[in-house]
1. When you scan the stretch A:247-291, how many residues do you find that are within 22 Å of A:Asp30 (Cβ to Cβ) and either under 23 Å from the mean Cα position of the chain (by Cα) or of a type in the set (A, V, I, L, M) (or both)?
2. Inspect the stretch C:98-112 for any residue being polar (S, T, N, Q) and in a helix (DSSP H, G or I) and give the result as yes or no.
3. Would you tally the residues in the stretch C:213-257 being polar (S, T, N, Q) and closer than 20 Å to C:Leu70 by Cα?
4. For residues that are out of contact with any Pro (no Cβ under 6 Å at 6 or more places or on another chain) and more than 8 Å from every other protein chain (Cβ to nearest Cβ), tally how many sit in the stretch C:268-294.
5. All but one of (1) among the hydroxyl-bearing types (Ser, Thr, Tyr); (2) surrounded by 15 or more Cβ atoms within 10 Å (Cβ to Cβ); (3) more than 23 Å from C:Lys217 (Cα to Cα) hold for C:Ser138; state the number of the condition that does not hold.
6. Just checking, does the stretch A:248-259 include any residue being closer than 15 Å to C:Thr280 by Cα, of a type in the set (A, V, I, L, M), in a loop (DSSP other than H, G, I, E, B) and within 13 Å of chain C (Cβ to nearest Cβ)?
7. In the stretch C:252-266, what count of residues is obtained for those that are out of contact with any helix residue (DSSP H, G or I) (no Cβ under 7 Å at 6 or more places or on another chain) and more than 10 Å from every other protein chain (Cβ to nearest Cβ)?
8. Hey, could you check the stretch A:124-133 for residues that are touching a helix residue (DSSP H, G or I) at 6+ places or on another chain (Cβ under 9 Å) and not aliphatic (A, V, I, L, M) and say which is nearest to A:Thr109 (Cα to Cα)?
Amino acid sequence: MIEARGITRTFPGRGGLLHRGSVRALRGVDFTIPDHGAVSFIGESGCGKTTLGRILCGLEEFDGGELIIDGQPVSGLRRSQRASLLRRVQMIHQDPYSALNPTRTIENTLGDPLALRARQRGENEDWIRRRRTELLDLVGLDPGYVLPRYPHMLSGGMRQRVVIARALTVDPEVLVADEAVSMIDVSLRLGILRLLRDLREQLGVSVLFITHDVATARYVGRDGELYVIYRGQVIERGPADTVIQHPVHPYTQCLLAAIPVLRGIEQPGAERPVPRGSLDERVEPPGCLFEPRCPFAEPDCRSRQPSLGQLGGTEQEHACLHPKRRPVVAVPAG
Amino acid sequence: MTTITPMLPEEQEAATTARPARRVRGGRWRLLVRTPGRIFGFAIIILFALMGIVGPYLYPKNLPIDPNAIYAPPSAAHLLGTDFEGTDVLALVVTGARYMLLSALIAGLLTVVLGTAAGVTGGYYRGVRDSVLMRITDFILTIPGFPLLIVLSTVWDFGSPYAMGLALGIFGWGGIARAVRSQTLSLRERGFLEAARGLGLPGRHILTHEILPNVAPYIAMNLLLTITGAIYAEAGLFFLGVVPFNANNWGVMLNIAVFSAGAVTSPRALTYLLSPLICILLLTLGIVLILNAVDEWFNPRLREI
Amino acid sequence: MARMAPTVTTGPAAGADAPAAGVRVRDLTVAFATRDGELPAVSHVSLDLAPGQITGLLGESGSGKSTLALTLLNAVPRPGRVTSGSVEIDGVGDVLALPAAQLRRVRGAEIGYVFQASQNSLNPLKPVGKQLLDLGRSHGERDLRGLLRRARALIEDMGLDSGRVLASYQHELSGGMRQRVGIVFALVLNAHVLILDEPTTALDMLSQAAVLAIIKKVHATRHLTTLIISHDVGVIGELADRTAVMYAGRVVEEGPTESLLADPRHPYTRGLLAAMPRITGDLDQARPLPGRPPDLTTIPKQGCVFRERCPLAMPVCAASEPPETVVSSELPETVVSSLNAARGAVADPAGPDSIAPDGGGPDGVPDSGGRDGGGPGLVAETGRRAACYALTEERS
């Protein structure tokens, strides 16, 4: 289980002539990834969701709050202990083309981390070979075909499966999938999403799914929690399907209304709110962060800062002073 | 250990439409003979390598002199003519190859090994290691190599090819270190290196197995170019006569041909002048011709024909 | 093409209210030289862009959709070449037969092209306004003030501050803003035909929605004939009046978007739609499409190109390529044929919302007969067509 309490991350601004203020990528984010669970983070680019995933994988530092992995707080640990703790979280990169070393065969790519693992467990070559085959079977690849090949000989879908198999070599508890299918052919995407779903069921790994595509988040983490992030702040969270079907926060509503409607199959929601203007990170609003762009903003939104709070009697939480359910989600036609 | 159920076959991307793997392994040597140019280049390099290795054993240690045939033109007895004391020029060229080639090879290897080690280490670990290594690199870069060698030659005996190679190598690795470091820095942000770190692979493994193969084409190319550079530098030093020549090599031959034999003004010593010159040019040509095979050698994508 | 600007060209500044131009692609084949010989990336494709409509070209990577779009500019990159077919544009003629000088004029005066990675195709060292002037000058535009005025109007139309945008460098604009600038570059020379190659790839949902709304708006206000190329069913479904589905260099299905999405007939279209997770409906009905899309070298040389991934494959599919047949989800074929015969006079039977082409449309003759490898004149504007043996079976 992973708990994050008030994680903050501020990227320092550039000094000198090109002076830019510092960017607050994360402003105190709390979340929990339960064992065997799924958690999705959605938001537009630059909202901090990628930074969050990188922090979990130890690829980025956090400067406030605490990350607790299996009951152990990360920040107090020595570097090596910290690294081995964070190894339980593995990243599935967005781009399967750069995530594999082009000069090495898949056999080596999987063999190296397995060799390390074998040494720790006192296993031999045979174990490595067996495990390698097992993992490839698990992600739906033919070992005989894939092992002797270099990454460029495989399709995007196959590469992403190899990337997942590589992440599984260290028996992780959590897979962080950051836009894991956005660079894969459409007809192959569902296969990867289903794989992530099956891995949850079969291996009990948790999945943290980071995306701007709500539909894919729903597919992988329907039974889990969905977090909507805006400018580094969680502005709505709750059971995935509840948040998707009945969003409360105007930003979530804008996100969902922005999903293209397949005419012929679906009808657009009765309301399709659009945020005003575009995101300007240089402006720090005194009140609600979304107020400058909110289509439903009211005068007091400019002065009061909403915090995440429960919606009466439900599991859904939101950070909006004037929450209101609106019919923004497309519905099946006919 | 978790139990594993293989996925449904429908999940597997059918291998039927996939391209068959073409020559996944091996076959690298074939790259060197893929085009006529490369065959020629490769042949030249083999020839000179043989010359360097066995050349000195083909002739007596002290080459015979023939006072009756000083600056003789090419003939059946002396294919490339003779020098100022009647020594066969062909023999001089062949026996002189070892010094040139060995020292250039040492210089090249030293340059590349030092440069790569500093560049990769600095670029990957960054921080203090990087700062220290790059300051040393900057120091090396600011030393004017050629004048320094001239100065060094007054105190150091360059009769041995090892000494010469060492001197050229130690002061020449700065540029490569800088370039390799910047390549490493850009590789560092690539997904596969982040993954390797995330998987807990040790730093040394990452350097040698993940980064090195990706900068290898660049390094190999630099090795070849440094070798030609070293040959020019040596030839220049000996030609100018700033290094005391107590060894037989091509640079010395050039020096004598021009300054003693007057090869520039008289045709007598023309072959004496041209022989080492053509050797240097040929060797450079050979290296240039195989240069574009280097990329294919290390890049599996290009290797697949 | 040597130019890198996210756009095209020059010519007399035609009024924005000129009648929309139709585009007719006939029996187009584009082959690429590979080490396995010359292989077709686009094979015997016929497609109409009805004047004033948005046509969607849906396909995965390697389906030949971008290659097809580039032939509209006669700009297929080497080692590719057009081996057969024609591309007729109203008021221009066959683009593939134009001499170079005239072609240069047409690119831009007639056709505006927003290239695939146009977010990154601005010169990072020059502000947008300067690049716009460069564009005008390179196309012999004399009225540079007018050009700037048009550009400002376009930028304002897109909800951006024109002064700020023109003074900005590439890195100062967000992805969505750069995409809009790409559209400005494509339209500032008053093109009638707008081609957008993957206009929203790499944009998040909100930017995508904004860009799509802008495309819709400029299309309507400037009476354009628009072609949108995308791998994303959502983008096509939101915008296109008609949709052509491409697979392995063939148009496998084509028809009015709503009818096509509501009742896909070709197994590939069906598979693609079934493989899309949606925010509504039952997720467990989503089915992955088996296999993987072929590339140039792995497209089957004989028979149906989709048969290796097709759940309905029959022996005949391996023997020859299925002919294109007219299909209709609502009407029997006979009715569709007669409707097509009286083309132009009837509304689209597929749905009241889709825009029926108004007169002066393409003059293709409907052709429901068995056709191997395409031939001119087969588009039934109001009907639908698909190339699959299973469909022929269903009907008989």
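The values are calculated or read from the model by the stated rules, or taken from the named source; none is laboratory data. Note that the structure is predicted; figures quoted are calculated from it, not measured. Don't worry about glycine lacking a Cβ; one is built from the backbone with ideal geometry, like all the others, and counts go over all protein chains shown.
1. Selection size over the stretch A:247-291: 9.
2. For the stretch C:98-112, residues polar (S, T, N, Q) and in a helix (DSSP H, G or I): present.
3. Qualifying residue count for the region: 4.
4. Summing the residues that are out of contact with any Pro (no Cβ under 6 Å at 6 or more places or on another chain) and more than 8 Å from every other protein chain (Cβ to nearest Cβ) in the stretch C:268-294 gives 6.
5. Result: C:Ser138 passes all but (2).
6. Scanning the stretch A:248-259, I find at least one residue that is closer than 15 Å to C:Thr280 by Cα, of a type in the set (A, V, I, L, M), in a loop (DSSP other than H, G, I, E, B) and within 13 Å of chain C (Cβ to nearest Cβ), so the answer is yes.
7. The qualifying residues number 3.
8. Filtering the stretch A:124-133 down to residues touching a helix residue (DSSP H, G or I) at 6+ places or on another chain (Cβ under 9 Å) leaves A:124-125, A:127-129, A:131-133.
Right, trim to not aliphatic (A, V, I, L, M) and you get A:124-125, A:127, A:129, A:131-133.
On the way: A:Asn124: 18, A:Glu125: 15, A:Trp127: 16, A:Arg129: 13, A:Arg131: 13, A:Arg132: 10, A:Thr133: 13 Å.
Selected residue: A:Arg132.
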